[in-house]
Every structure is written in structure tokens, then in C-alpha cells.
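Undergrad: So that we are looking at the same thing, I have put the structure below in C-alpha cells.
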Amino acid sequence: MSISRADRSQGRSNPDRFLLLLKTRGPQTAADLGRALGTTGENARQQLAKLAAEGLVETESVVGGVGRPRQFWRLTGRGNACFPDAHAELTVSLLRAIRNRLGADVLDQLVGAREDEMRAHYRAKLRSIKGLEARVAALADIRSREGYMAEYHHADDGDGWLLIENHCPICAAAAACQGFCRAELAIFREMLGPDCSIERTEHIVLGARRCAYRIRADAI
């Protein structure tokens, strides 16, 4: 799959496109990145070497089958930091101050207030949408508009769907206060309805590249 027309139309530079592809698709070979950007693997390698010199990407060798290990490129911590973090340092400082000065109960109330606002917003957006897959698609669209770089697709084994968030714009806040993540998962379950199950299978806060949710329709 090549990079989207929207990414081209927004005038992103080639280095930015490399970072975006690695963010949304995970580790890639230079050849894969070259194809996605409509160039050669060698040109991609040259661009990646420049990004590596800036500390934004790094390589890992993956052994698979016969032959030499394949070299995959991935974002470093500095590369991930190129994406929005919703003013992480200020957010974490405020959360710490609330907990220390006003108490954990007040912090829980603030998380609850955010949860109530999200619930009302999502409910209004999803009210007229029928069918589980249509609701999953709409939820992915809402989350993507909020900066989570979300997408969904059918699970590889054919059992349900995966809702994937390639970025977390509130990651620092979520790491400082796990209540944010618990609240979001509860809202997802409520918005998708009682006839399905949803389980978080990957979690950025725990060190994963992305957050992923497995969604299955309940057996009738």
C-alpha cells in the first residue's frame, strides 16, 4: 500500500513521510518504505541513514528462514517524540499537583468528568449508526480525529475486528494516571453495545508500539 494522497497533498517532506509510515505501520524494511513512497529501496536507505544520524530511527535484524537476517527500521524514542503529545510535561505536572495537594479523590473526580464528556460526545456521534462493524468504523474515525491515528480492520483469524490506535496524544497523562485508560476502555464497551466483547491486547503505556483492541460479536 502506498502512502495516502492526503499525506502528499499536505506537503509532507520525505523524512516526515518515513516517520509517519513507521509510526502507523511499525518496523519496515527499506524496500517496503521505498515502495510505499514510490521510490527505490536504495533511496529509502539513504533517507533512513540521515534520520538515523539524527537519532530518529534505528535498525533491528530479524532472522526468518534461510538466508541472512532482514534489516527492519523503527522509530526511536526521539522519533516517537516528533508526534503530538498534548503538552505532556505541563499535563503531568498538573496531575501531580492535583494528587499531591488536593488528593487522589479529586483526581478521580476529574477523570470521571472527562469520561462523562467523552461519553456524551461519542453517544451523540454514534446514536444513528446501526451494526457493530459500522460502529467500530465510526469509533475509529472519532478517535483518529482526536489525534489517535486510529484505524480498524478484520482480525487475521476472521474472528471479529481490531481497533488500532497508532498514537496516543495523552500518553504522558495516561502514564501518570491509569484512570484515563480505564475510562476509555469502559466508554468503548458502552458505545459498541452489549452484544460484543472488547479486550485491549496492546498498550502504549506498557511499552507497546500502539494500542490495539480485539472486538468480537457475542455468539447468539
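The values are calculated or read from the model by the stated rules, or taken from the named source; none is laboratory data. Everything numeric here is computed off the predicted structure, so don't read it as measured data. Cβ atoms come from the backbone with ideal geometry, glycine included; neighbour counts cover every protein chain shown. Please note that ligands, DNA and RNA were not included when accessible areas were found on the heavy atoms of the full protein model with its side chains. Shrake-Rupley method; radii C 1.70, N 1.55, O 1.52, S 1.80 Å.
Undergrad: Which residue, of GLY77, GLY147, GLY103, GLY160, is open to solvent by less than 40 Å² (accessible area, probe 1.4 Å), of a type outside the set (Phe, Trp, Tyr) and closer than 25 Å to GLY55 by Cα?
TA: Going through GLY77, GLY147, GLY103, GLY160 in turn, just one is open to solvent by less than 40 Å² (accessible area, probe 1.4 Å), of a type outside the set (Phe, Trp, Tyr) and closer than 25 Å to GLY55 by Cα: GLY147.
Undergrad: Quick check on VAL57: is it touching a Phe, Trp or Tyr at 6+ places or on another chain (Cβ under 7 Å), closer than 23 Å to ARG210 by Cα and exposed (fewer than 12 other Cβ atoms within 10 Å of the Cβ)?
TA: So VAL57 fails the test.
Yes/no matrix, rows are residues, columns are (1) under 13 Å from the mean Cα position of the chain (by Cα); (2) part of a helix (DSSP H, G or I); (3) small (Gly, Ala, Ser):
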site	(1), (2), (3)
ALA113	no, yes, yes
HIS121	no, yes, no
ALA140	yes, yes, yes
GLY158	no, no, yes
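Undergrad: Quick check on my filter: what residues within the stretch 12-46 are among the acidic types (Asp, Glu) and outside any helix (DSSP H, G or I)?
TA: Correct list: empty.
Undergrad: Can you pull out the residues in the stretch 107-133 that are aliphatic (A, V, I, L, M), loosely packed, with under 12 Cβ neighbours inside 10 Å and either within 20 Å of TYR152 (Cα to Cα) or at pLDDT below 90 (or both)?
TA: Selection gives ALA113 alone.
Undergrad: Go through ARG182, ARG145, ARG209, ARG216 for me and flag whichever is among the charged types (D, E, K, R), touching a Pro at 6+ places or on another chain (Cβ under 9 Å) and closer than 30 Å to LEU22 by Cβ.
TA: ARG209
Undergrad: While we're here: From SER197, SER144, which residue is outside any helix (DSSP H, G or I) and among the polar types (S, T, N, Q)?
TA: None of the others qualify; the one that does is SER197.
Undergrad: Could you give me the residue pairs with C-beta distances under 6 Å whose first residue belongs to the stretch 21-46 and is open to solvent by less than 40 Å² (accessible area, probe 1.4 Å), whose second residue is among the polar types (S, T, N, Q) and at pLDDT below 90 wherever it lies, and which are 6+ apart or on separate chains?
TA: ALA36/SER2
Undergrad: Any chance the stretch 164-183 includes a residue that's loosely packed, with under 14 Cβ neighbours inside 10 Å and outside any helix (DSSP H, G or I)?
TA: Yes.
Undergrad: Starting from residues that are open to solvent by 100 Å² or more (accessible area, probe 1.4 Å) and modelled with pLDDT of 80 or more, keep the ones in the stretch 85-100 and report whichever is nearest to CYS168 (Cα to Cα).
TA: ARG96
To keep it simple, each residue is scored yes or no on (1) more than 23 Å from THR24 (Cβ to Cβ); (2) of a type in the set (D, E, K, R).
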residue: ALA104; (1), (2): yes, no
residue: MET118; (1), (2): yes, no
residue: LEU162; (1), (2): no, no
residue: ALA186; (1), (2): yes, no
residue: ARG189; (1), (2): yes, yes
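Undergrad: Against the definition (under 16 Å from the mean Cα position of the chain (by Cα), of a type in the set (A, V, I, L, M, F, W, C) and modelled with pLDDT of 90 or more), how does CYS171 come out, yes or no?
TA: no
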